[in-house]
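Input: a single structure, listed below in structure tokens.
The values are calculated or read from the model by the stated rules, or taken from the named source; none is laboratory data. Quick caveat: nothing in here was measured; it's all calculated off a predicted structure. All Cβ positions, even for glycine, are placed from backbone atoms using ideal geometry, and neighbour counts span all protein chains on display.
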């Protein structure tokens, strides 16, 4: 059987236990206990706030003082790192660098970067040396930093109980500045507040990483001569304005201005050195179509070399000191050498050239910690001697110096007053013609060794001198300079000058007349014997005519005529386009007799030619519309007959008409 449960009313249960007398007493007891506890707690808290002991203020004041000192360590340490980054690992440049400008790259009047490599030697500061410099800098400057803080000075007095001793840690991910400095801090009333001894500050700069990258680059450069190889490749590219070696079938000498060649090469270096990347660092990859750059301008410093948070930038600027030299030179110009053009080879002229370059220049390397923006700069020199990498000696050739004065610097120092006069001079000793008149607007330049100064243009009636053209100006000192005069329509002239106070130099410019190649026609006459000379026949396609005129003065050396000009005449389509830009140059404003040589080639085969004197009246040449040159030729495959024609072309030329000048 199930036992029945007793039913009870909940309301009556509560009523029985609380509502009764005993329940009320219990409630009052509990409330009383709670009130006692609350009052006790309030009294205790109030007592604790009021009764803090004086020595228990120390942690708060000590923290303030430590913050002041830490802030100074952080500021001074940051300054030290910035200086080290800007000056290749040095806070203050060593004495030997300060007193030897060949040991540093001057970026500005107040900033210089020491060369970590110069010639065959390296000058790389070690990390312990850099740490020692930071320690010294912190020890020397933290005290001044702290005392310069007004808030600190207004609140505290400082009693030093030890010297400052820094111990910088250059770890992989940061720089830690530890400073032992026992100081006692007192209030302005003389009460001792606290004593602090050891202090620490940190910088997120990854100095060890950027230093390691910079050191590896210099060591790899010394081992592989990477920058020299790049420079050598730039010269070997055979830029039109940087000739190296070549050959051309022509009787006209090829010439290059040294200044143009130098500036072109330096610009090539500037642009391409900037493109060099270091494998394993942070850089923007070359486009896929630039395979040459991908293969030659990504530098593999080492298989384990991996610094993805570091970038490297190489820089050369033409304002940096450099050495440039090129040989051979004729005066201050580069020109080709001629083979043939005389004696048995008068019908064939070949221009050849081979130049060797010296180039020594500095490269500034900026290694950047991309996580903080910190930059570490170093420099080293690149040496190319006679077109080849060569770090064996710092100076490539005895006549050149790594810190040579620039043209601008040399030309600024002008202290020797001289006068220059310019004239148009027309002279033919054979006919007795001589005329000399003042010539204005002649551009002048002065060359002394490798330095070239652009000077003034001559002016007519300068300084009120009347019927003269010239100027007076100060010149730089030179024991053997060359003064040049140039004007369009005149042969360039020059005079050797030793600069002396009050000296007068005269420049005589000879007028010339350029006759376009397109207005010159060559015709052939088949020659069997003096009695059988064929009619005039134009050149065939593929045949080439070489034309040379030369005028000699009585005192000229046999192989160096006073005036010489050569052109090439061809009827091929390509040559027609070129020859309209070319011209045969004659002396102007008088009659002159020239030595004329015309040679006609068919491929490598001699076809015919002309050799003789040609009297050219100026009145006819000035208004000429066409010049026809007649040559003697032979329509035969007999080598003996052709060799006879070549040897005796001067004699056989008498049987064909002379040159014709048509108006």
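Okay, here's what the table says:
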| read-out | value |
| --- | --- |
| Spans of strands (runs of 3 or more DSSP E) in the stretch 190-282 with at least 3 residues crowded, with 18+ Cβ neighbours inside 10 Å and in the same structural domain as residue 73 (by TED's automatic domain parsing) | 192-203 |
| Test set (1) in contact with a strand residue (DSSP E or B) (Cβ under 9 Å, 6 or more places away or on another chain); (2) free of Cβ contacts under 8 Å to residues at least 40 places away in the same chain - residue 239 fails condition number | (1) |
| Check on residue 441, in contact with a strand residue (DSSP E or B) (Cβ under 7 Å, 6 or more places away or on another chain), farther than 26 Å from residue 333 by Cβ and outside any strand (DSSP E or B) | no |
| Verdict on residue 455 being part of a strand (DSSP E or B), modelled with pLDDT of 95 or more and crowded, with 17+ Cβ neighbours inside 10 Å | no |
| Boolean, residue 303 is within 30 Å of residue 370 (Cα to Cα) and either outside any loop (DSSP other than H, G, I, E, B) or modelled with pLDDT of 90 or more (or both) | no |
| Of all residues making up the stretch 154-172, the number that are over 30 Å from residue 127 (Cα atoms) and at pLDDT 85 or above | 1 |
| Evaluation of residue 499 against (1) surrounded by fewer than 19 Cβ atoms within 10 Å (Cβ to Cβ); (2) in contact with a strand residue (DSSP E or B) (Cβ under 7 Å, 6 or more places away or on another chain); (3) not assigned by TED's automatic domain parsing to the domain that holds residue 627 (one fails), failing number | (1) |
| Which listed residue is in contact (Cβ under 8 Å) with a residue 60 or more places away in the chain and surrounded by fewer than 19 Cβ atoms within 10 Å (Cβ to Cβ), from 159, 107, 130 | 107 |
| Wholly enclosed helices (runs of 4 or more DSSP H) of the stretch 62-166 bearing at least 2 residues farther than 28 Å from residue 186 by Cβ and within 36 Å of the chain's Cα centre (by Cα) | 95-98, 127-147 |
| Among (1) closer than 18 Å to residue 417 by Cα; (2) free of Cβ contacts under 8 Å to residues at least 60 places away in the same chain, the one test that residue 476 misses | (2) |
| 3 or more residues over 19 Å from residue 565 (Cβ atoms): qualifying strands (runs of 3 or more DSSP E) within the stretch 591-653 | 605-616, 626-633 |
| Flag for residue 653 being surrounded by 19 or more Cβ atoms within 10 Å (Cβ to Cβ), more than 22 Å from residue 350 (Cβ to Cβ), in the same structural domain as residue 548 (by TED's automatic domain parsing) and at pLDDT below 95 | yes |
| Restricting the stretch 167-195 to residues that are without any contact (Cβ under 8 Å) to a residue 40 or more places away in the chain and under 30 Å from residue 308 (Cβ atoms), the residue that is farthest from the chain's Cα centre (by Cα) | 178 |
| The stretch 490-524, residues that are in a loop (DSSP other than H, G, I, E, B) and within 18 Å of residue 567 (Cα to Cα) | 491 |
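This table checks each residue for (1) at pLDDT 95 or above; (2) part of a loop (DSSP other than H, G, I, E, B).
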{"site": "353", "(1), (2)": "no, no"}
{"site": "363", "(1), (2)": "yes, no"}
{"site": "402", "(1), (2)": "no, yes"}
{"site": "405", "(1), (2)": "no, yes"}
